[in-house]
Amino acid sequence: MNAAPTPTRKYDLSFARYVYQNIDGGDRMAKCMQCGTCSGSCPLGDQMDYGPRKLFMMIRAGMKEAVLTSNTIWNCVSCYNCVVRCPRKVPVTYILHDLATLAVKEGYEQAKTAINARFAKAFWWSAARWGRTDERLVTAIYYFSFGLSQGMKMSLANLKIAQAMVKTKRMHLGMPHKIKNGGDLKAILAKAAEIQARDH
Amino acid sequence: MTSEGLRSQTILVVGGGIGGMTTAVEAAEAGYDVILLEKSATLGGRVAQLSRYFPKLCHPTCGLEINFQRIKKNRRIKVMTMTSVAGVEGTRGDYSVTVTTTPRHVKANCTACGDCGRAAESMVPSPFNYGMDTVKAAYLPHEMAFPQFYVVDPSVVGTPEGEKIAAACKIGAVDLAAKPETFQLTVGAIVWATGWQPYDPAKITTYGHGRVPNVITNVEMERLAAHDGPTHGKILRPSDGKEPKKVALIQCAGSRDNNHLAYCSRICCLASMKHAAYLREQYADAEVDIYYIDIRAHDKLEAFYRKIKADPQVNWIKSKPSRIEVAEDGGPMVCGENTLTREIYAKSYDLVVLATGMQSSVKAGAPAAEMDDYGFVVPHDGSAGIGSAGVASGPLDVSMTVQSATAAALRAIQAVSGVRNASEVS
C-alpha cells in the first residue's frame, strides 16, 4: 500500500480517490448518497466523533487528518447493522476497519493510544502467539499499555471480577492454553503477511 | 394507409387503470378497434383507490367519470373485466392471445340494486380498501364501479348462503355455476398497461409494518382519507381509532434502495406532501414530520412543495430512518440520524406512514413482455407490435401516465396500420 496522499488544496480529491482505490470496500463508498441510515443504525453512534455518513463526507472533502485521527474508526464493533441496511450496499464495517489499519500504518498517535487500538494489539499478540486468547495476558497487556501505575490501578479495580471468574472456572491459573500445531498457525500468518505485502 | 397484409388491426390493451383506459379511448377515438382487458372486477385501477390527486387535490372520480363515459359511448371498445392474459403467440399484426376469466358469478344484466348484498351474511376482506375493512360476500367493488355490476365472492359458492344470495336476485342475474373460461383473441398489437403494486412493506423489516402498531403505508393512508374508505374519510389511527396528532411520513420506504427497489418511484414525495395536506386540513393542531433523502418535486410540482413547505407545522427532516421501534406508550418510534444536524434521534408518533414505492405488476416470465432491469415493460416504438403504457413502463404519476398512454396508443396504431410517419401516408 502506497502512503495515502495528504490533500493540500481546496477541492483536492486525492485522498478520496486513494480511499476508493485502496481501502477495502472503498469502491462502494463512492456510491454513498448521504442518507444517514448507517449513523442512525450504529449502536455506538453517540460515542463516535463522527458517524460513518459524516466520516465518508469528510473523506470526500479531503480531511485526511481528521478522518484518520477520529475515534470512529476505532469504535466500530462490527455489528453490521449499517452494512445490512445501507441502501447502496456500502460495506461500512470493512471500510472503518481498513481505515484503522491505514491510521496504524501512517503512524498516527491515535492509532497507538485509542483504547480499541491498545486492546486490538493485546488481542492480536495472544492470538498470534498462542492461537488462543488468554484473558489474563490480554487484559494485562491492555492495562499495562497505559503505564505501570495506571496498569496496577486498573488491575486492582478488576481483581474481584478476576477472582470470581477463577472461582467459577471461567478463567484458569497456570500456563496459557495453546492450540496444537502452533507452527502451522505461524506459517499461515507468515503467508498472509506475504500476500498483504504483495497485493497492497 | 397501408396495412402490409396484417391480419388484425385490433389493439389489445392489458390493464384497465388510468393508463389502459386512456390508451383504449385514444386509439378507439382515432378509429381503431380496442379490446380492454382488466384483471379485477372494475376499471379504474389504483387511481380509483386514491382519495385525491396531487398537486391540485381534486378527486379522481372526475377523471374516471370522463373516461368511463368515453368508453361507454365508443362502440369500438370492448371491455372484459376479471380477465387476464395467459399466453401470447404470433407476430405484429397477427397475435393469438390466450385469455382466462375468473367468474364474477353475476351476469351482465345486473342492475346493481343491492338485493344480493342485503341477502349476504358473511364478510370478506375488502381488496379495494387493502383489506383494512370487510365487505359482504356479495358486493359492489366500490361506489364508482364500472361496469356497475355486483361481485359474488367465491367463498359462498356452493353454500346455503350462496343459494340465498342467488334467490334474492329478482332478475336472476346471480350465476353460481359460472366457471373460469379460457379463450383466444386475435389482435394486431398489444399494449401492456398493467400498472403497479405497492412494494410489500413486510420486506422492509426494520420499519416494522405489521409488527409495530400504527405503521401504515401510503396507499393505506389514501384509503383512510377517502370518503368511501374504512373510516369514511376521517384519518384515524388503526390501533384504537384515535385522531393522529403527531405523524411521521417516511420517504423512500423500499425505493432507492439496492436491498429493495433500486430506482426512485417518483410519486412518493408528492404523495407524502399530499398526505401532509390531508392531515393539516383535518387537524389544525397536527404536527407532521417528513423524513426524506432528497425531495424530488420535479417540474411543475415544485409549487406544491413550496406550498407545503410554507406550513410551519410540517417539519422536514433530512434522514433515511434506520428503524422503527415500539415506544414505551406502545406506539411507533422512529430512529435514525438527522444528516443536517448530525443528531441521533428517537421520536415517538401517533401514526407513521411509509411511502412505499411502485413495483411493476408484471411478473418475471410474463408472456411476451420484454422487461427492463427493474421489471418494467419496455415501451417499444411503432415498429414493434408489443409496447407498454403508463406505470407498466416505469414509475409515473397520473398526468405523466396519461401522456405515456396517449403515446402508447399512437405507437399501437402505427403498429397495426404499418404507417410509421406522415410521409408514408399516400
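Taking the condition open to solvent by 10 Å² or more (accessible area, probe 1.4 Å) and in contact with an Asp or Glu (Cβ under 8 Å, 6 or more places away or on another chain), does B:Arg70 pass? Spell out the reasoning first.
Working: open to solvent by 10 Å² or more (accessible area, probe 1.4 Å): yes; in contact with an Asp or Glu (Cβ under 8 Å, 6 or more places away or on another chain): yes.
For B:Arg70, the condition - open to solvent by 10 Å² or more (accessible area, probe 1.4 Å) and in contact with an Asp or Glu (Cβ under 8 Å, 6 or more places away or on another chain) - is met.
When the residues of region A:148-181 are narrowed to those that are under 25 Å from the mean Cα position of the chain (by Cα) and assigned to a helix (DSSP H, G or I), which ends up surrounded by the fewest Cβ atoms within 10 Å (Cβ to Cβ)?
A:Leu148
Filter region B:276-322 down to the residues that are within 26 Å of B:Glu243 (Cβ to Cβ) and in a strand (DSSP E or B) and list them by number.
B:Glu287, B:Val288, B:Asp289, B:Ile290, B:Tyr291, B:Tyr292, B:Val314, B:Asn315, B:Trp316, B:Ile317
Taking region B:256-274 as the search range and keeping residues that are in a loop (DSSP other than H, G, I, E, B) and basic (Lys, Arg), which one is modelled with the lowest pLDDT? Give the steps one after another, and end with the answer.
Going residue by residue through region B:256-274, those that are in a loop (DSSP other than H, G, I, E, B) are B:256-267.
Cutting the leftovers down to basic (Lys, Arg) gives us B:256, B:266.
Numbers: B:Arg256: 96, B:Arg266: 93.
Per the stated criteria, the residue is B:Arg266.
Would you mind stating whether B:Ala277 is of a type outside the set (Lys, Arg) and modelled with pLDDT of 95 or more?
So B:Ala277 fits the description; yes.
When residues of region A:9-23 are filtered for being at pLDDT 85 or above, assigned to a loop (DSSP other than H, G, I, E, B) and surrounded by fewer than 15 Cβ atoms within 10 Å (Cβ to Cβ), how many remain?
Adding up the residues that qualify gives 0.
When you check A:Ser78 against the structure, is it more than 14 Å from chain B (Cβ to nearest Cβ), at positive phi, surrounded by fewer than 17 Cβ atoms within 10 Å (Cβ to Cβ) and among the polar types (S, T, N, Q), yes or no? Explain how you work it out, then say what you get.
On the way: more than 14 Å from chain B (Cβ to nearest Cβ): yes; at positive phi: yes; surrounded by fewer than 17 Cβ atoms within 10 Å (Cβ to Cβ): yes; among the polar types (S, T, N, Q): yes.
It is true that A:Ser78 is more than 14 Å from chain B (Cβ to nearest Cβ), at positive phi, surrounded by fewer than 17 Cβ atoms within 10 Å (Cβ to Cβ) and among the polar types (S, T, N, Q).
Within region A:67-74, identify whether any single residue is over 26 Å from A:Lys10 (Cα atoms), within 14 Å of chain B (Cβ to nearest Cβ) and among the hydroxyl-bearing types (Ser, Thr, Tyr), and answer yes or no.
Here is the first cut: in region A:67-74, the ones over 26 Å from A:Lys10 (Cα atoms) are A:74.
Pick out the ones that are also within 14 Å of chain B (Cβ to nearest Cβ) and you get none.
Taking every residue of region A:67-74 in turn, none turns out to be over 26 Å from A:Lys10 (Cα atoms), within 14 Å of chain B (Cβ to nearest Cβ) and among the hydroxyl-bearing types (Ser, Thr, Tyr).
Taking the condition within 13 Å of the chain's Cα centre (by Cα), on the phi > 0 side of the Ramachandran plot and either crowded, with 24+ Cβ neighbours inside 10 Å or not hydroxyl-bearing (Ser, Thr, Tyr) (or both), does B:Gly390 pass?
Answer is yes for this residue.
Out of everything in region B:24-59 that is in contact with a Lys or Arg (Cβ under 9 Å, 6 or more places away or on another chain) and without any contact (Cβ under 8 Å) to a residue 24 or more places away in the chain, what residue ends up being most open to solvent (accessible area, probe 1.4 Å)?
Going through the qualifying residues, I end up with B:His59.
Test A:Thr93 against the stated conditions and say whether it is part of a loop (DSSP other than H, G, I, E, B), away from chain B (no Cβ under 14 Å) and either without any contact (Cβ under 8 Å) to a residue 60 or more places away in the chain or open to solvent by less than 30 Å² (accessible area, probe 1.4 Å) (or both).
Numbers: part of a loop (DSSP other than H, G, I, E, B): no; away from chain B (no Cβ under 14 Å): yes; either without any contact (Cβ under 8 Å) to a residue 60 or more places away in the chain or open to solvent by less than 30 Å² (accessible area, probe 1.4 Å) (or both): yes.
In short, no.
Only one of (1) more than 14 Å from chain A (Cβ to nearest Cβ); (2) under 30 Å from B:Val13 (Cβ atoms); (3) modelled with pLDDT of 95 or more is not met by B:Asp228, so which one is it?
(3)
Restricting to region A:54-66, name every residue that is open to solvent by 20 Å² or more (accessible area, probe 1.4 Å), among the charged types (D, E, K, R) and more than 7 Å from every other protein chain (Cβ to nearest Cβ).
Within region A:54-66, A:Arg60, A:Glu65 qualify.
Only one of these is open to solvent by less than 20 Å² (accessible area, probe 1.4 Å) and more than 29 Å from B:Thr81 (Cα to Cα): B:Lys242, B:Lys274. Name it.
When all the criteria are applied, what remains is B:Lys274.
Take the residues in region B:184-224 that are over 15 Å from B:Cys268 (Cα atoms) and of a type in the set (Phe, Trp, Tyr); name whichever of them is surrounded by the most Cβ atoms within 10 Å (Cβ to Cβ).
Among those that are over 15 Å from B:Cys268 (Cα atoms) and of a type in the set (Phe, Trp, Tyr), it is B:Trp192.
Which residues, counting only those in region B:326-346, are closer than 21 Å to B:Met221 by Cβ and within 12 Å of chain A (Cβ to nearest Cβ)?
B:Val334, B:Gly336
Within region A:31-53, count every residue that is more than 10 Å from chain B (Cβ to nearest Cβ) and either surrounded by fewer than 16 Cβ atoms within 10 Å (Cβ to Cβ) or acidic (Asp, Glu) (or both).
4
Taking the residues in region A:117-147 that are in a loop (DSSP other than H, G, I, E, B) and open to solvent by less than 100 Å² (accessible area, probe 1.4 Å) as candidates, determine which candidate is nearest to A:Leu189 (Cα to Cα). Step through it out loud before you land on a result.
Keep residues of region A:117-147 that are in a loop (DSSP other than H, G, I, E, B), which gives A:131-134, A:145-147.
Now narrow it down to the ones that are open to solvent by less than 100 Å² (accessible area, probe 1.4 Å): A:131, A:133-134, A:145-147.
Values: A:Gly131: 11, A:Thr133: 16, A:Asp134: 19, A:Ser145: 24, A:Phe146: 28, A:Gly147: 29 Å.
In this case the residue turns out to be A:Gly131.
For residues in region B:401-421 being among the β-branched types (Val, Ile, Thr) and under 14 Å from B:Gln9 (Cβ atoms), which is nearest to the chain's Cα centre (by Cα)?
Only one residue fits best here, namely B:Ile413.
The values are calculated or read from the model by the stated rules, or taken from the named source; none is laboratory data. On a predicted model such as this, the values are computed, not experimentally measured, just so you know. A quick note on method: Cβ atoms are made from the backbone with ideal geometry, for glycine too, and the neighbour counts reach across all protein chains shown. For the accessible areas, the whole protein counts, side chains as well, though only heavy atoms, and no ligand, DNA or RNA atoms are used. Shrake-Rupley method; radii C 1.70, N 1.55, O 1.52, S 1.80 Å.
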